[in-house]
Structures are given as structure tokens and as C-alpha cells.
1. If you restrict to DSSP beta bridges whose two residues both lie in the chain, what percentage is antiparallel, to the nearest 5?
2. What ranking, highest mean first, results for peptides 291-302, 133-144 when packing means the other Cβ atoms within 10 Å averaged over each residue?
3. Taking other Cβ within 10 Å of each residue's Cβ, how do 111, 86 sort, fewest first?
4. DSSP loop (so not H, G, I, E, B), at most 15 other Cβ within 10 Å: list which chymotrypsin sites (Phe, Trp or Tyr not before Pro) in the stretch 226-306 pass both filters.
5. If a/c stays under 1.5 just call it rounded; otherwise compare a/b with b/c (prolate if a/b is bigger, oblate if not). Do that for the stretch 115-221, with a ≥ b ≥ c from the square roots of the Cα gyration tensor eigenvalues.
6. Starting from the Cα gyration tensor of the stretch 42-160, take the square roots of the eigenvalues, sort them a ≥ b ≥ c, and report rounded, prolate or oblate (rounded when a/c is under 1.5, otherwise prolate if a/b is larger than b/c, else oblate).
7. Using only DSSP helix segments of four residues or longer, with each worth -39500 (n - 2.57), what per-residue ellipticity at 222 nm results for the chain after dividing by its residue count and rounding to 500?
8. Suppose the Debye formula is applied to equal point scatterers at every Cα of the stretch 160-255; what is log10 I(q)/I(0) at q = 0.16 Å⁻¹?
Amino acid sequence: MPQQKAVIIGAGIAGIASAIRLAVKGYAVEFYEANSYPGGKLSEIEQDGYRFDAGPSLFTMPQYVDELFKLAGKNPADYFTYQKLEVVCKYFYEDGTQLSAYADTQQFAEEIENKTGEPAASVIKHLANSSDIYSITNHVFLERSLHRLKTFLRWDTIRSILRFPKIDPFRTLHKANSSGFKDARVVQFFDRYATYNGSDPYQAPATLNVIPHLEHHFGAYFPDGGMYSITQSLVKLAEELGVKFNYHYKVDEIVVINGVAKGIRAKGENILADLVVSNMDVWFTYKRLLGKYPKLHPQKILSQERSSSALIFYWGIKKQFPELNLHNIFFSADYKAEFDHIWKQQNIYNYPTVYLNISSKYKTDDAPAGCENWFVMINVPANNGQDWDKLITDAKQNIISKLSKILDEDISQLIVSESILDPRSIESKTSSYKGSIYGTSSNNQFAAFLRHANQSSKVAGLYFCGGSVHPGGGIPLCLLSAKIVSEMMI
Ligand code: FAD
């Protein structure tokens, strides 16, 4: 049989993982990527002697990356290395409480008890519940297609469905956490996990209590070459497998003839293929690349609420702060007000929770000697045409005053280099509709079922991977979407 050809639209992390899996299966794979670089959100920027990972900073489930090297018969450590974090994140509360989220369950539970008075046993019980939710959901919601009958005929799926009430889909995350803990700081700590997929703890189902299991059971890691080395190492592997990367190549259309995807159209040319994988946000895939065929558009899925977005300041800081860690959270005093601003008022709270990532803590050459590279991020609404310039100016002032107060240092005097990423630039740099980071939100219990499938039900030979489709956003789930796509092509 002649070699089959696959074209992939967009070289985000899910596209790259799909390419590797398809190349291993014997396909000839070609990328068409609009940017001049691979990785999409998982890319890097350099400015004034500082290096920053542009988007993701928290790395969990490294086994999904390793799996790709093993699949290709390679030793992962020859390409990509990482280390486990003893402290996942350091937390600062407005009342002066500071706590370290140790990866080790017992140590973490004791830290919570020592700093907040919440019994360690409650934390252990909560993490055991996270583990149960994981064991029920990972077969059904994460590792397989939700859109194939055979998923539901498997014994492990049936067993999971029988245990379904345990995943707690009918209470909100906040309600479940408030009933499990007495201390408001601990409730806030566990509520924050809703933001890991761009959702609101006051609306999202308590099923999201699965997320702490990823950090406190599987662990959080730092890639030795920074987050961008995930992209770089996988691109290297893909190239070794013969995958061809075409950059500066914006795809304009998916060519469909008689209900079959026949290739793509880019730069005024038809590029034929046996199958097409879109790693582009599914909303734009339909609106831009299949705009000619409105009857193919799954209206209900495309009208889902989008996830939140982010505002990031990449600051070169001319000082080092030993009291800070790789990951740091500075909580707001009123979490409910913060999320009401994001989700109801569609603007930014004046006293937001601030996430500060400093990769130079581990990768020292990311900043000049004696300095640090600060990736300063707050959660913000998706882009609905807000006056972002004004919101950003105000947010910057509020963030600086918050960090200056807690760190007892005028931060504004230490910023020697700056660039900014906001929902508008996230949208324009990666074609993510409204600048949403994780595709659709998980603010209701049906969200998992309403994510777009990994294969078109109307166009043969058209597949979808990435953060806007099943099973969801974030690096681990994007890598799983690639696995599901490749398994569909058997
Ligand atoms: P994307 O990264 O969305 O890339 C899509 C690619 O398609 C882009 O390169 C784009 O240029 C290309 N493209 C689009 N349209 C076309 C076209 N018409 N023609 C050709 N090419 C096209 N995840 C975590 O796991 N941990 C984190 O800590 C974390 N933090 C985040 C922080 C920020 C600020 C952001 C933005 C994201 C974060 N995420 C995090 C989410 C994670 O980055 C994404 O879920 C993941 O990287 C998305 O990958 P993807 O495969 O969907 O593709």
C-alpha cells in the first residue's frame, strides 16, 4: 500500500504529539504552521538578557511526554530531562499566612495543619477523594474518546459509570470544599484548582477536585531546559521521524469533496492529503477553514462558554528574592469578588490573585546574574471587546502595589524590562477564539460531554487535537488528545 499522507494544521503541542504518533504508524506527516516557530502557547520569548516561557509554566504528567520517545524506540532522557519539585508552590495570603504546598502528601497535610489549624486528616481525606475521582474519570473522560460506543462497552468504563456519584458533579467545587474544610484559607487553596482549566470554582462542578491528585500524587516537575524544551525536544524527535515542518504557512481552508477531507488550501495552493488533523482552535477551524460549509458547523458545541484568559507581565527584575519559589501564589482576600469580576462583570478585580513564576530559580541562565525573570499572571475574562489598555494599566498598578506590600520592596523600581501578553495577543498569536486559554470553560457538569470530539462526524478523514477539543486544555490533556486521535486511525 502506498504511504498515506497526513497534514497537520498548527504546530501546537498536541499537533506535534499527533505528528509523532502518526509518523511512528508509518504516515508521511507535514505541518503547516502560521507562526515562524513551533509550540503555539508552549513557546518562549527572549528580551534584554532574560528568557521566559511564554505560556505554560506548571508541568505535570511528564510520563505522557516520555511515552512519545519510547513509542519511537528512543530513550527519553537522551532528549528531555526534568526534576521533581519538592515544593509544588508557595502560597501567600493577605493575612500574612505563608504556606508551602509540599508534593509529599503527609508533609503537605502537616504544613496545612501547622499554618491554618485545619486537621491534617481532613487534607489526607480530601486527597484520597481526589484519587478516587481520578480513578473513575481517567478512563472515561481523559484517556479515551467520549464519542465512540466502544469506550462505553469497556468493563472499566462500566465500573466507572456505576461509581459516578462519587465524582460529585452536582455540587460546585466551592461548595464541596467548604463542606470539607473549616478554614477559609484551605477552602481557597483547593478552590484555586478550578483555574487550572480556566473555570470558576463557584460554578464548576466538584469533579475538578481531581486536579490536586495530579500534583500531590503524580507530582509537579521542572524541565531542565525550561518549559519550551518540551516543544523543542518533541520537534527534534518529529524531525528525526521525517515529519516536515512548514512555518509562516497560514492555512486558509480545509478542502472537502463529497464529505471527505482531501487536504488544505494555503498560499493559494491546494495541498492534498489522505487525512487532515486540525490543531487550530476548533471554533476558528469551523469559522475560518470550513466557513464555506455552515451546515457542517456543530452550533451547540461552538456556542459553549469560553474559558477564562490571562494577562501576563514578563518582567526582568534586577534583584533576587530568596523567599520566593519557582511557583508562587499571592491570594486575593475576597476570592468570590475576584471571580464575579471575571465571570459576571467581565473585567478585572482591583485586588486579584497573582501568580508569579520564576524559572531562573532552577534555570539560572534565564536571567542575568543577581536578577530574576518574573512571569506575573492574573486570570482575566475572555476577550469580549473590553477596554484592555485601561484594564491593563490599572491591573499593573494593582499588582505592583500588592507585591510591593507583601515583599516589602518597591517592585516598580526593580523592573528593567517588560513585555505583556493579554487576551487580544493570545488570540492573534495562537488563533485561540477570544484569547481563551483552555478552549471552553468547565463551568457546568456537562462541559466534558460538550467538548468537540477528536474526529469529525460529518467529514471523513478530518480529525481534531489540542486544548479546545476533547479531553481539554493543559499540556497533559493536549497530549492525550493526540493519543486519542492516533488511536482513531487504526
Ligand atoms: P496551541 O498552543 O493553541 O497552538 C495552536 C497552533 O496552531 C499555533 O501555533 C497557531 O499558530 C497554529 N495555527 C492556528 N491557526 C492556524 C492556521 N490557520 N494555519 C496554520 N497554523 C495555525 N497548561 C499547562 O499544562 N500548564 C500551565 O501552567 C499552563 N499555563 C498556561 C498559561 C498561559 C498564559 C497559557 C496561554 C496557556 C497555559 N496552559 C497551561 C495551557 C496550554 O498552554 C495549552 O493548553 C496548550 O499549550 C495548547 O496546545 P494546543 O496543542 O492546543 O495548541
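Bear in mind that the values in this text are calculations on the coordinates, not laboratory data. Small disclaimer: the values here were computed from a predicted structure and weren't measured. Positions of Cβ are backbone-derived with ideal geometry, glycine not excepted, and every protein chain shown enters the neighbour counts.
1. On the way: 49 of 70 bridges.
Antiparallel bridges: around 70 percent, rounded to the nearest 5.
2. Working: 291-302: 12.3, 133-144: 19.5.
The most tightly packed comes first, giving 133-144, 291-302.
3. Numbers: 111 19, 86 12.
Least to most surrounded, the residues fall as 86, 111.
4. Numbers: sites: 228, 245, 247, 249, 283, 284, 286; in loops: 247, 249.
Within the stretch 226-306, the qualifying chymotrypsin sites (Phe, Trp or Tyr not before Pro) (loop, at most 15 other Cβ atoms within 10 Å) are 247.
5. Working: a/c = 2.05, a/b = 1.93, b/c = 1.07.
Prolate, because a/c is 1.5 or more and a/b exceeds b/c.
6. On the way: a/c = 2.24, a/b = 1.13, b/c = 1.99.
Oblate is the answer for the stretch 42-160, as a/c is 1.5 or above yet b/c matches or exceeds a/b.
7. Values: 15 runs with 151 residues, N = 490.
The helix contribution divided over the chain gives -9000 deg cm²/dmol.
8. The Debye formula, applied to the Cα set alone, gives -0.82.
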